[in-house]
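The values are calculated or read from the model by the stated rules, or taken from the named source; none is laboratory data. Only a predicted model underlies this, so the values are computations on that prediction, with no experimental measurement involved. Here the Cβ is made from the backbone with ideal geometry for all residues, glycine too, and neighbour counts use every protein chain on show. Please note that ligands, DNA and RNA were not included when accessible areas were found on the heavy atoms of the full protein model with its side chains. Shrake-Rupley method; radii C 1.70, N 1.55, O 1.52, S 1.80 Å.
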Number of protein chains: 2
Amino acid sequence: MSTKVGAREGVGVSQQDHPLYQERDPREVRRVIREGDWMGYTANLVPKYTQTNVVILPKAYAFDFLRFCMRNPKPCPLLEVTDIGDPEPKLTTPGADLRTDVPRYRIFKRGKLVEEVTDITSHWKDDFVGFLLGCSFTFEGAMVDAGLPVRGLESDTPTFTAFVTSIECVPAGIFHGPMVVTMRPMEPAQAVQAVQVTSRYPRVHGAPVHMGDPSQIGIKDLQKPDFGDPVEVRSGELPLFWGCGITPQAVALASGVDLMITHAPGSMFITDLHREEVSLG
Amino acid sequence: MSTKVGAREGVGVSQQDHPLYQERDPREVRRVIREGDWMGYTANLVPKYTQTNVVILPKAYAFDFLRFCMRNPKPCPLLEVTDIGDPEPKLTTPGADLRTDVPRYRIFKRGKLVEEVTDITSHWKDDFVGFLLGCSFTFEGAMVDAGLPVRGLESDTPTFTAFVTSIECVPAGIFHGPMVVTMRPMEPAQAVQAVQVTSRYPRVHGAPVHMGDPSQIGIKDLQKPDFGDPVEVRSGELPLFWGCGITPQAVALASGVDLMITHAPGSMFITDLHREEVSLG
């Protein structure tokens with residue numbers, strides 16, 4: 001793979017021709033990411049495979065965070081928790097390395113985002129635990145296959161649209177904070193079908209948490225997302241909102257946890273789990 | 001059963017205490033209806049059983065109407081078609097009589113509603129064919145069981161709310177006309193769940209055909225339904241719209257068919273099919 005795709009190529013630059021969108025093997029996509037040749041968003045990459053959010057925490061916080069995920073399954077659907085100190089997600093993606101196989105990482109210290117890096121090998125510690133939380137990019141392929149519009153995939157550069165809401169997560173231990181949601185606009189009859197399609201994928205956020213009036217969940221302006229890029233909401237369309245795995249990052253800020261490493265929003269870990277392995281069938 | 005319930009008791013008079021709401025045997029409810037002691041709405045009667053719309057046509061129109069139902073399964077989900085001249089719906093409700101077992105009937109002639117009666121024995125002809133189309137009263141019990149609000153059942157007198165829309169049905173032979181829908185308001189998160197619950201019941205209209213802005217389907221004022229009674233739509237609620245088996249009555253008016261006999265809106269035929277017999281399981 002010769003063309004490097006950087007972090008900010010996500011905005012305004014066409015990636016449509018990049019050969020990685022044609023690649024069908026998740027191992028090959030991870031290899032390109034590991035080599036640092038893809039630092040952009042992972043939306044629409046290997047659409048048949050399950051993508052995940054990544055949260056890495058010292059063991060001291062791991063049990064609290066596990067309970068936090070259990071109490072907030074819509075934004076934080078857990079797919080795997082690694083062994084202490086082991087960066088390999090053995091169950092979903094044997095052979096992968098959570099220190100290198102994510103396009104970009106964010107490092108949070110004492111409730112602040114302090115750094116964005118493409119490799120965390122030098123940051124890794126023996127007491128780290130990795131959490132993989134299902135990502136809604138996974139069901140976007142199913143929506144497209146069902147004939148539904150996914151506006152973020154219609155642009156020259158596949159993207160997403162996410163907002164911090166006024167919905168408070170159920171706290172656990174030190175972890176508390178607001179739910180983050182992704183938004184996709186649909187015509188009403190498509191919105192009904194989108195509920196049906198995404199209900200089949202509870203392990204990658206499942207059905208929407210909200211539909212319609214954004215102000216009901218504290219979103220002031222649909223054209224000013226907190227993460228990703230704005231997408232057009234056309235006349236007569238209903239915005240649909242799904243729980244989003246950026247939530248732990250909002251929680252890191254709110255909770256002031258000593259240390260949390262996550263993926264950068266939109267730049268996910270790609271597993272070896274086929275999309276239908278996380279569906280209800 | 002000693003207390004007669006007439007056609008217009010549906011509005012403003014409490015029926016809550018009527019013993020028929022406690023009855024759990026559909027045969028007993030049909031007996032009361034057959035004896036003319038219940039001419040009101042059937043919402044919330046034997047909520048575990050499947051209720052249906054009724055359409056009766058001379059054989060000459062039956063094939064066209066059958067195709068019409070096949071082409072419009074959301075408003076017209078067919079549960080049974082009787083043998084020519086036979087008023088007994090043998091498959092769903094052996095022993096019942098479509099001439100007597102509906103609380104009220106409407107008779108349409110040459111595209112006009114000419115009469116409302118409680119018994120059509122004297123109108124029955126040897127060439128009549130009966131069509132049973134699933135009714136959304138059937139899934140209202142499932143919604144209640146799931147903790148969802150059904151506003152029409154919260155009033156003193158169980159009722160419903162239905163509108164003629166600007167959605168044109170797919171025509172078949174002489175049959176054409178607008179889709180009629182029922183409306184139930186929900187909070188957005190409940191609306192998501194209502195899509196999930198009703199998706200399990202495609203044979204009694206299934207998932208909504210529309211959500212949100214009523215004007216998109218030609219409804220001007222939610223407080224002025226064409227059938228049933230208005231219900232409160234509270235601040236922050238989303239109106240949901242389901243296909244409705246009153247559609248053939250709107251079609252009778254639009255198509256000018258020589259003769260069609262139907263149930264009166266809200267006063268349904270109650271079958272012996274358990275609700276779960278028409279679910280996806």
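Size of segment B:197-244 along its principal axes in angstrom, Cα-based, largest extent first?
Computed over the Cα atoms, the extents are 29, 24, 19 Å.
Hey, any idea what % of segment A:149-277's accessible area is carbon plus sulfur with a 1.4 Å probe?
C and S fraction of accessible area: 52 percent.
Using a 1.4 Å probe on the protein heavy atoms only, what accessible surface does residue A:41 show? Give it in Å² to the nearest 10.
10 Å²
Enter the buried accessible area of the A/B pair, total of both sides, probe 1.4 Å, in Å² rounded to the nearest 100.
Its buried surface, counting both partners, is about 1200 Å².
Using modelled amide H (1.01 Å from N, peptide plane; none on Pro or chain starts), what sits under 5 Å from the amide H of residue B:226, excluding residues fewer than 5 places away?
HN-HN under 5 Å from residue B:226: B:162, B:163, B:164.
Other chains' Cβ within 10 Å of A:208-215 residues: what's the mean?
Mean partner-chain Cβ count within 10 Å for A:208-215: 5.
Between A and B, which A residue has the Cβ nearest their rotation axis, distance in Å?
For the rotation taking chain A to chain B, the closest Cβ gives A:195, 2.
Top mean-square fluctuation among B:268, B:179, B:211, Gaussian network model of chain B, C-alpha springs under 10 Å?
For chain B, modelled as a Gaussian network with Cα springs under 10 Å, the answer is B:211.
Show A:227, A:63 ordered by accessible area, largest first, where the area counts protein heavy atoms only and the probe is 1.4 Å.
Order by accessible area, largest first: A:63, A:227.
How far apart are the residue B:174 label points across copies, placing each 7 Å from Cα toward Cβ, in nm, shortest first?
7.8
Which distances, in nm and shortest first, link the residue A:234 label point to the same label point in every other copy, taking 7 Å along Cα→Cβ?
Those separations, rounded to one decimal, come out as 3.5 nm.
Need one number: convex hull volume per residue for segment B:144-190, Cα atoms only, in Å³.
In segment B:144-190, the Cα hull volume divided by residue count equals 129 Å³.
Based on the Cβ-Cβ distance of residue B:84 and residue B:145, what FRET efficiency does E = 1/(1 + (r/R0)^6) give at R0 = 41 Å, to the nearest 0.05? Don't skip to the end; give the middle numbers.
Numbers: r = 39 Å, r/R0 = 0.94.
E(calc), rounded to 0.05, equals 0.60.
What do the square roots of 5 times the Cα gyration tensor eigenvalues come to for segment B:53-92, in whole Å, largest first, as semi-axes of the equivalent ellipsoid?
Output for segment B:53-92: semi-axes of 17, 13, 7 Å.
Ignoring everything except DSSP H segments at least 4 long, calculate the 222 nm mean residue ellipticity for chain B; use -39,500 (n - 2.57) per segment, divide by total residues, nearest 500. Could the numbers behind the result be given before it?
Numbers: 6 runs with 56 residues, N = 281.
Using -39500 (n - 2.57) per qualifying helix, the result is -5500 deg cm²/dmol.
Do any residues of segment B:179-196 lose at least 40 Å² of accessible area when the full set of protein chains is present rather than just their chain alone, and if so which, with a 1.4 Å probe?
B:188, B:192, B:195, B:196
State log₁₀ I(q)/I(0) for segment B:6-131 at q = 0.11, 0.17, 0.19, 0.22 Å⁻¹ as given by the Debye formula over alpha-carbon point scatterers of equal weight, solvent excluded.
Listed by q, the Debye log ratios stand at -0.42, -0.99, -1.21, -1.46.
Stokes-Einstein at 37 °C, 0.692 mPa s, Kirkwood radius from Cα pairs: D for segment B:226-275 in µm² s⁻¹?
In µm²/s, the coefficient rounds to 235.
Which three semi-axes in whole Å describe the equivalent ellipsoid of segment A:84-155, each the square root of 5 times a Cα gyration tensor eigenvalue, listed largest first?
They are 30, 17, 10 Å, listed largest first.
When each copy gets a label point 7 Å from Cα toward the beta-carbon at residue A:213, what are the spacings between them in nm, shortest first?
Values, ascending and in nm: 1.6.
As a test question: what accessible area, to the nearest 10 Å², does residue B:121 have when a 1.4 Å probe is rolled over all protein chains in place?
70 Å²
How much solvent-accessible surface does residue A:70 expose, in Å² to the nearest 10, with a 1.4 Å probe and all protein chains in place?
The accessible area comes out at roughly 130 Å².
How big is the protein assembly as shown by Rg and Dmax over its Cα atoms, in Å?
In Å, with Rg to one decimal and Dmax whole: 28.0, 90.
Any idea what Rg and Dmax come out to for chain B if you just take the C-alpha atoms, in Å?
17.3, 53
Can you give the mean number of other chain Cβ atoms that lie within 10 Å of the Cβ atoms in peptide B:217-223?
On the way: counts 2, 0, 0, 0, 0, 0, 0.
For this peptide, the per-residue mean of nearby foreign Cβ atoms is 0.
Of the candidates B:177, B:130, B:218, which one comes out as most mobile in a Gaussian network treatment of chain B with C-alpha springs shorter than 10 Å?
Judging by the Gaussian network model, the answer is B:218.
Taking a probe of 1.4 Å, how large is the accessible area per residue of chain A, in Å²?
Averaged over the residues of chain A, the accessible area is 38 Å².
Pick out which of A:18, A:176, A:123 has the largest mean-square fluctuation in a Gaussian network model of chain A, springs linking Cα atoms closer than 10 Å.
Comparing A:18, A:176, A:123 in a Gaussian network model of chain A, the most mobile one is A:123.
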